[in-house]
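One structure below.
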Amino acid sequence: MGEADLSLAPLSDPFVPELYRTVRVTRELRDTVTLELAPLSGKRPAFEPGQFNMLYAFGVGESAISISGDPAEEGTFVHTVRNVGAVSKALSALEAGAAAGLRGPFGTSWPVEGAEGSDVVIVAGGLGLAPLRPAIYHILANRDRYGRVSILYGCRNPGDILYRHELEQWRQRLDVDLTVTVDHADASWHGNAGVVPSLIKRTAFDPHDTVAMVCGPEIMMRYSMNALRGAGVSEKRIYLSMERNMKCAIGLCGHCQFGPEFVCKDGPVVPYSKVARIFALREI
Amino acid sequence: MQDTMTAGSKAVLSSDALQALIVALARQGYTVLGPRVRDGAIVYDEIASSGDLPAGFRDRQDAGRYGLEPREDGAFFGYAAGPQSWKRFLHPPAQTLWSAQKTPDGFTISREEVSVPKLAFLGVRACDLDAIAIQDRVFCEGPYRDEAYATRRANVFIVAVNCSQAGGTCFCVSMQSGPKADTGFDLSLTELLDGTQHRFLAEVGSEAGAALLAELPHEPTTGAHLAAADAIIDNTAKQMGRHLDTDGLKELLQASLSHPRWEEVARRCLSCGNCTMVCPTCFCTTVEDHTSLDGFSATHVKKWDSCFTLDFSYVHGGAVRTSGAARYRQWMTHKLASWIDQFGTPGCVGCGRCITWCPTGIDITEEAAAIRASQCVKEESDGGA
Ligand SMILES: Cc1cc2nc3c(=O)[nH]c(=O)nc-3n(C[C@H](O)[C@H](O)[C@H](O)COP(=O)(O)OP(=O)(O)OC[C@H]3O[C@@H](n4cnc5c(N)ncnc54)[C@H](O)[C@@H]3O)c2cc1C
Ligand code: SF4
Ligand code: SF4
Ligand code: FES
């Protein structure tokens, strides 16, 4: 009542963005860029693979964007943004030197430590590779801590393949099994064709000792869950990253609810066992 | 008689003391907010004297219906919850969070300073007290706190009023939130009317409440006063217009996400969102970004939102909850089930507002009962097979 403690006001308000400057822009695809953002003052906060930030474009608004950079590197936040609407368009238009607002990092992370000692299967669809890239960097940098490592990546068209140069580097490694597939092959494509969940049964891993990390369109994740469970991987060891409308990212606006979960704070990365009850239902 | 007041202390006030109470709060710097009649309904607004209170009114409420009628006895608080709750004062419908100003090499951001008026709420019912406690959990106990809410909340003085008259859509007894205010107030009042005398039994809930009561002209209580107050509350509890069976309700609803009743209620629901706006616990917000005409300054404004809008669940490519059935299901299962997972309490206090203010008279208690009934039928037939 009358005597609650007012002295708890924090130094920074979780609703208020910090100022960042764009230090590098890389065009990835026709509609997708990677931004490197450095704080105007102070150190870039630490983050874990799978977490996201709220990026603010002046006057337009905020969007939840996953961190796609290497957690071992300091100094900047790396984000890969696809232009699909007002905010993402303004973010994609940022040029080197331009200012942006940023709040974060928020949310849960991929179990890169929990997966140590086990086989790892990473399943990505389209832009879903962006939030998985920090986990891949971490796992490859600490390769000896893991069993077999497989990366399965699917895109709609060959022109949608993200981080092509890096994929080629990873493919050259003898300690990683990387497979890329496209839904619609064209004359220029000589690789696999077909949807990414279909690669799962062709992949070598020990189902009883595997951690799977899955991110992509919801339908692709649904099929991937089925394929992984079909292969015998426990629901507790299959992780996925959820996407829901987000306004606050701090558990206060209600927008990101998925059943009892607030995707912004209980997710975005969740073990499938936590959401299996409702994942297959429509319009949750 | 000793006159040191502490939490739980009781005293009897004459009905004139209500005016003294308002004056004392104003003297302490509080803006006093209380019930008033406006546009045919009882709303909460600033009051300057006890003459502003809706004395001599009662309300008639039913699904989709609300009306005021005169009452003979001149009771100040002889009505139940009106269309507004106290939510609008603690969690305002629109709030600027911060603003940004263009500079030659980018922009700056400044946090909106929260002005914190000292507010006194006069006439908070038990259900609404519980609703405030629920919003306290939502806004102050997560990993992140809504500082603006916490600051406003810390400056509120609460005078609760125990209900002497249940409304036609009330079910606080089912939700165990009323009709008597047990905690969360500075001072509580029970209005005692016995034909000849008009008095209040006051109960202290905090030190601030004790100090205030000590300032008011008061008399010691007698056994008869206490018995009269208990009888009023017992009587109100028996008048509940609605009932909700909460036994195993969370599990029941969470197991009924594909129930045909959602489609059925969606045929009646207009997705207008009234239920979420009048609900004292619904907390969802959206944000809007505005730029000045010259493009040099921008604001980031938080506004009440409703899970009944299509935009609420929009992600690139379309809304997640396109059907009315999915939106009603989200609302009701949130209120009565997933809220318990999230905050350890249901998001419903049984105030009945969503029932009264639904233009088509959809009744949350009836919807829950319908799902329970068909579930029972199913279990019976399963069992009999
Ligand atoms: C945890 C998380 C991580 C994400 N990571 C990335 C990423 O790394 N790269 C990237 O390009 N996109 C990412 N997104 C999606 C991105 O947030 C949306 O594409 C973006 O908000 C669309 O906003 P807009 O104004 O450009 O589009 P509009 O269509 O104009 O959006 C209108 C509003 O709808 C909401 N919205 C629309 N689409 C989405 C969506 N897919 N997810 C959540 N809210 C949405 C936003 O609140 C937005 O303000 C992520 C989303 C989430 C939830
Ligand atoms: S759901 Fe309805 S009855 Fe329950 S607290 Fe909200 S408005 Fe009141
Ligand atoms: S339940 Fe009633 S009040 Fe709520 S959105 Fe539907 S029509 Fe409107
Ligand atoms: S984004 Fe606001 S509660 Fe999760």
Original post:
If you build the Cα gyration tensor of the protein assembly as shown and take the root of 5 times each eigenvalue, what three semi-axes come out, in whole angstrom, biggest first?
Top reply: 54, 29, 21
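How would B:TRP357, B:TRP262 line up by accessible area, probe 1.4 Å, largest first?
Working: B:TRP357 70, B:TRP262 10 Å².
From most accessible down to least: B:TRP357, B:TRP262.
Pairs to check: A:LYS247/B:LYS302; A:LYS89/A:LYS247; B:LYS238/B:LYS335; B:LYS180/B:LYS335; B:LYS10/B:LYS180; B:LYS250/B:LYS303. Give those whose C-alpha atoms are more than 19 Å from each other in this structure.
On the way: A:LYS247/B:LYS302 9 Å; A:LYS89/A:LYS247 17 Å; B:LYS238/B:LYS335 24 Å; B:LYS180/B:LYS335 22 Å; B:LYS10/B:LYS180 15 Å; B:LYS250/B:LYS303 29 Å.
Beyond 19 Å between Cα atoms: B:LYS238/B:LYS335; B:LYS180/B:LYS335; B:LYS250/B:LYS303.
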Original post:
Highest GNM mean-square fluctuation, chain B, Cα pairs closer than 10 Å: which of B:GLY142, B:GLY361, B:GLY223?
Top reply: B:GLY223
**OP:** List the residues whose amide H sits under 5 Å from the amide H of A:MET213, counting only those 5 or more places along or on another chain, with H placed 1.01 Å from N in the peptide plane.
**Re:** A:VAL121, A:ILE122, A:VAL123, A:TYR239
Original post:
For A:GLU73 and B:GLN28, what does the FRET efficiency come to when R0 = 45 Å and r is the distance between their Cβ atoms, rounded to the nearest 0.05?
Top reply: 0.20
Subject >> 9 Å beta-carbon shell around B:ARG36, net charge (K/R +1, D/E -1) >> reply: -2
**OP:** Tell me the label-point distance for the pair B:SER14, B:ASP230, using the 7 Å Cα-to-Cβ offset, in nm and rounded to one decimal.
**Re:** 2.8 nm
Original post:
So what J values fall out for region B:164-172 if you push phi through Karplus, 6.51 cos²θ - 1.76 cosθ + 1.60 with θ = phi - 60°, rounded to Hz, Gly and Pro as x?
Top reply: 9, 8, 7, x, x, 10, 6, 8, 4
**OP:** Compute the FRET efficiency between B:VAL43 and B:THR322 as 1/(1 + (r/R0)^6), taking r as their Cβ-Cβ distance and R0 = 35 Å, and round to the nearest 0.05.
**Re:** 0.50
**OP:** Rank-order A:228-236, B:208-216, A:206-214, B:191-199 by packing density, defined as the average count of other C-beta atoms within 10 Å over each peptide's residues, highest first.
**Re:** A:206-214, B:208-216, A:228-236, B:191-199
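How many percent of DSSP beta bridges within the protein assembly as shown run antiparallel, rounded to 5? Walk me through the numbers before you get to the answer.
Details: 81 of 115 bridges.
DSSP beta bridges in the protein assembly as shown are roughly 70 percent antiparallel.
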Subject >> Two-site FRET efficiency, B:GLU207 against B:ASP245, from Cβ-Cβ distance with R₀ of 35 Å, rounded to 0.05 >> reply: 0.35
Original post:
Taking the Cα atoms of region A:3-106 alone, what are Rg (to one decimal) and Dmax (as a whole number) in Å?
Top reply: 14.5, 57
Original post:
Which residue fluctuates the most in chain B, going by a Gaussian network model with Cα springs under 10 Å, if the choices are B:THR169, B:THR96, B:THR190?
Top reply: B:THR96
Subject >> lysines with Cα under 17 Å of B:LYS118, excluding same-chain neighbours fewer than 8 positions away >> reply: B:LYS87
Original post:
Each residue of region A:171-178 in turn: what ³J(HN,Hα) in whole Hz from Karplus with 6.51, -1.76, 1.60 and θ = phi - 60°, glycine and Pro shown as x?
Top reply: 5, 6, 6, 8, 9, 9, 9, 9
**OP:** Would you list, by chain and number, the aspartates and glutamates whose Cα falls below 19 Å from the Cα of B:LYS102, excluding same-chain residues fewer than 8 positions away?
**Re:** A:GLU18, A:GLU62, A:GLU95, B:GLU112, B:GLU288, B:ASP289, B:ASP294
Subject >> chain A - percent relative contact order, Cα under 8 Å, separation 6 or more >> reply: 17 percent
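The values are calculated or read from the model by the stated rules, or taken from the named source; none is laboratory data. For clarity, every value in this text was computed on a predicted model and none was experimentally measured. Methodologically, a virtual Cβ is constructed for each residue, glycine included, from the backbone with ideal geometry; neighbour enumeration extends over all protein chains shown. Note: areas computed on protein heavy atoms with side chains; ligands, DNA, RNA excluded. Shrake-Rupley method; radii C 1.70, N 1.55, O 1.52, S 1.80 Å.
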